[in-house]
Each structure stands twice: as structure tokens, then as C-alpha cells.
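The values are calculated or read from the model by the stated rules, or taken from the named source; none is laboratory data. Model, not experiment: these values are computed from the prediction. Heads up, the Cβs are rebuilt from the backbone with ideal geometry, glycines too, and the neighbour counts pull from every protein chain shown.
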Amino acid sequence: MHTDVPVGKEAAFSVNTVEAGPGQAQLSVVSPSGQTVPSAVEPAPEGFTGKFVPQELGPHSVNVSYADQPIPGSPFHVTATQVCRKTHIDTCVTQC
């Protein structure tokens, strides 16, 4: 999982569960202000894909579990950042 994700852009990651046996995937994402970020889990050929769109700048906690057990490394910590580009007036702008 990338540690930096742009605000307003979908962040997606894959988890391979082929050797884990049967189970359900769960995903919860918490924003810097403590709000739950809407997220989704979709089946993939070798496991599942988790997706969310951060709406706040700053650190987010991404909790991923499978068969009611946290996967190794969970919770993951990612930082939602502003996408910057140089302009003729040298400002930082969000690209949506």
C-alpha cells in the first residue's frame, strides 16, 4: 500500500488471500478527525481489493481484516496529501 495518497482520488490496494482459506474481508478507514471514511471491498481473483477516497489532508488509519483477523501490518497508516503543481505564480493547487 502506498503511504501517500492524494486527497479526493481513489486509493486502492490488493490483498492476496489464496493461502488463507475461506473468509470475509473487512475494511475500515479512519480520517485524521476521527471520521469513518466510506470504503469498499471487492472480490479479486486471488483475494480482494480495498478502495477508499480520502477527503481530508493528513494521516489516515486503514484497518484491514480477513476472517475476523487483522492481516499482517494492519492497521496501515497512509497520509492524504494535496497534489501540487508549479504554476506561473508558484502556488500549490489541488487537482481533482
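Here are a few things to note about the model shown:
- Pair list, Cβ < 6 Å and 6+ apart or interchain, from region 56-67 residues that are on the phi > 0 side of the Ramachandran plot to residues that are modelled with pLDDT of 95 or more and surrounded by fewer than 16 Cβ atoms within 10 Å (Cβ to Cβ): Gly58/Pro32
- The single residue among Pro45, Pro22, Pro54, Pro70 that is closer than 15 Å to Val5 by Cβ, out of contact with any Phe, Trp or Tyr (no Cβ under 6 Å at 6 or more places or on another chain) and not acidic (Asp, Glu) turns out to be Pro54.
- Residues within region 14-54 that are under 16 Å from Ser74 (Cα atoms), of a type in the set (Ser, Thr, Tyr) and assigned to a loop (DSSP other than H, G, I, E, B), tallied: 2
- Within region 30-51, residues that are in contact (Cβ under 8 Å) with a residue 24 or more places away in the chain and among the aliphatic types (A, V, I, L, M) reach partners that are outside any loop (DSSP other than H, G, I, E, B) and surrounded by 11 or more Cβ atoms within 10 Å (Cβ to Cβ) with beta carbons closer than 8 Å, at six or more positions or on different chains, in the pairs Val30/Val37; Val30/His60; Val30/Ser61; Val30/Asn63; Ala44/Ser14.
- The number of residues in region 1-13 being hydrophobic (A, V, I, L, M, F, W, C) and closer than 16 Å to Pro75 by Cβ comes to 4.
- Residue among Glu19, Glu10 that is closer than 17 Å to Gln82 by Cα and exposed (fewer than 14 other Cβ atoms within 10 Å of the Cβ): Glu10
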